[in-house]
1. Residues of the stretch B:112-132 with backbone nitrogen within less than 20 Å of a virtual label 7 Å along the Cα-to-Cβ line of residue B:25, please, listed as ranges.
2. If one takes the accessible area of chain B alone plus chain A alone and subtracts that of the pair, with a 1.4 Å probe, what total in Å², rounded to the nearest 100, results?
3. Shortest first and in nm to one decimal, what separations exist between residue B:65 and its copies in the other chains, measuring from label points 7 Å along the Cα-to-beta-carbon line?
4. What nm distance separates the two modelled labels at residue B:110 and residue B:43, each placed 7 Å from Cα along Cα→Cβ?
5. Which is farthest toward the positive dipole end of the stretch B:13-59 among B:47, B:16, B:58, measuring Cα position about the Cα centre, with Cβ charges +1 (Lys, Arg) and -1 (Asp, Glu)?
6. Step through the table entries A:148/B:141; A:28/B:141; B:64/B:148; B:35/B:187; A:141/A:187; B:64/B:141, compare each Cα-Cα distance with 22 Å, and write down the pairs that go over it.
7. So if we plug the beta-carbon distance of residue B:16 and residue A:16 into 1/(1 + (r/R0)^6) with R0 = 30 Å, what FRET efficiency do we get, rounded to 0.05?
8. FRET efficiency for residue B:1 and residue B:169, Cβ-Cβ distance as r, R0 = 30 Å, nearest 0.05?
Number of protein chains: 2
Amino acid sequence: MQITLVEHIRNLVTLTDDDEQVLNSFIKRQTVRRKELLLSNGDVSKSLFFVEHGCLRMYYLNNKPAEQITQFALEGWWLTDLFSFMDGSPSDYFIQAIERTTLVSIDRLVYDDLLFRLPQLERYFRIIMQRNLAASQLRAKYLSEMSKEEFYQHFSTNFPEFIQRVPQYMVASYLGLTPEYVSELRKRNS
Amino acid sequence: MQITLVEHIRNLVTLTDDDEQVLNSFIKRQTVRRKELLLSNGDVSKSLFFVEHGCLRMYYLNNKPAEQITQFALEGWWLTDLFSFMDGSPSDYFIQAIERTTLVSIDRLVYDDLLFRLPQLERYFRIIMQRNLAASQLRAKYLSEMSKEEFYQHFSTNFPEFIQRVPQYMVASYLGLTPEYVSELRKRNS
């Protein structure tokens with residue numbers, strides 16, 4: 001699966017060929033290797049990342065210390081530590097490619113200029129932020145009300161492709177389960 | 001404390017007097033009594049609410065069944081069940097005034113029209129959604145990494161006014177603590 005940023009934007013707002021030229025002058029497209037880090041704990045989250053092909057994960061080191069994954073981004077998803085991106089404070093997170101990934105990044109120092117030059121992107125990002133916020137509200141509710149087993153079932157029913165692509169120990173970290181427990185649930189359901 | 005929606009918008013984007021007239025034709029301003037319900041479980045979340053004066057809470061009934069509060073909105077905050085608001089599905093939530101509250105509501109059926117008529121509101125809501133999403137990322141991280149006592153300390157240090165205004169059992173519900181435990185923490189810190 002693959003989706004370009006331009007296609008993704010055109011699903012929501014109008015973008016002429018001239019606009020596309022302007023957009024291209026503001027963004028950077030790159031392909032990174034599996035395991036490559038795009039953000040490290042202690043650095044400012046300098047970019048908004050859009051995944052065109054591949055998969056990213058965002059995680060922090062909890063007290064144990066173990067990797068606690070808080071978000072993934074497959075094709076068509078944006079990812080960053082938004083707080084650090086907005087106010088320039090050091091991030092607590094790492095962002096890493098978990099497959100060879102082609103992505104677009106927008107630097108925080110040009111984000112406002114880009115929105116000024118292409119004001120239809122205000123609408124595009126309003127819709128993206130709104131959808132992400134709705135998803136975040138929903139995820140917080142599921143996490144607080146479901147048992148871990150229910151949450152895994154819900155997740156594997158709704159995002160089967162995701163469960164296939166992401167290593168089992170990362171799914172476990174994201175869902176707050178041990179890898180052994182996820183392995184057991186998989187066997188039970190197969 | 002009090003903030004009008006127009007002031008709040010003008011802090012972020014330009015709104016002429018003519019625009020204000022247009023805005024007023026799309027919104028509804030009302031004052032509701034303490035304990036009045038603005039959304040009930042099973043209904044569609046028909047409105048985005050902006051608090052000009054007072055305080056709202058959003059909660060659902062968990063399996064126990066007890067009220068699990070997921071969000072509050074003091075002056076200057078927007079609140080709704082965004083998922084239900086966006087796709088028209090029945091909500092699992094209740095939204096209730098916990099003080100006498102003056103609020104502005106925007107109906108989901110006119111939200112897009114309003115953004116079309118006043119396109120600068122795309123920018124306004126993009127910033128609002130982005131800030132809320134950043135806050136939501138941060139809260140999820142705190143919840144997963146802090147002990148309950150640390151979370152309470154963090155919360156009362158950063159939002160002292162909030163702890164004063166909101167009944168103790170609601171603060172407990174929001175933070176995932178028992179009312180008895182919050183009472184004990186308060187005594188320990190006083």
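The values are calculated or read from the model by the stated rules, or taken from the named source; none is laboratory data. Computed from a predicted structure; not experimentally measured. Virtual Cβ from ideal backbone geometry, glycine too; neighbours counted across all protein chains shown. Heads up: the accessible areas ignore ligands, DNA and RNA and are worked out on the full protein's heavy atoms, side chains in. Shrake-Rupley method; radii C 1.70, N 1.55, O 1.52, S 1.80 Å.
1. From the stretch B:112-132, the list is B:112-122.
2. Numbers: alone 10840 and 10860 Å², together 18780 Å².
Chains B and A together bury roughly 2900 Å² of accessible area.
3. Output for residue B:65: 4.5 nm, nearest copy listed first.
4. Going from the residue B:110 label point to the residue B:43 one covers 1.8 nm.
5. Toward the positive end, the furthest listed residue is B:58.
6. Numbers: A:148/B:141 18 Å; A:28/B:141 29 Å; B:64/B:148 20 Å; B:35/B:187 28 Å; A:141/A:187 27 Å; B:64/B:141 25 Å.
The answer is A:28/B:141; B:35/B:187; A:141/A:187; B:64/B:141.
7. On the way: r = 28 Å, r/R0 = 0.93.
Given R0 = 30 Å and the Cβ-Cβ separation, E is 0.60.
8. Numbers: r = 23 Å, r/R0 = 0.78.
Computed FRET efficiency for residue B:1 and residue B:169: 0.80.
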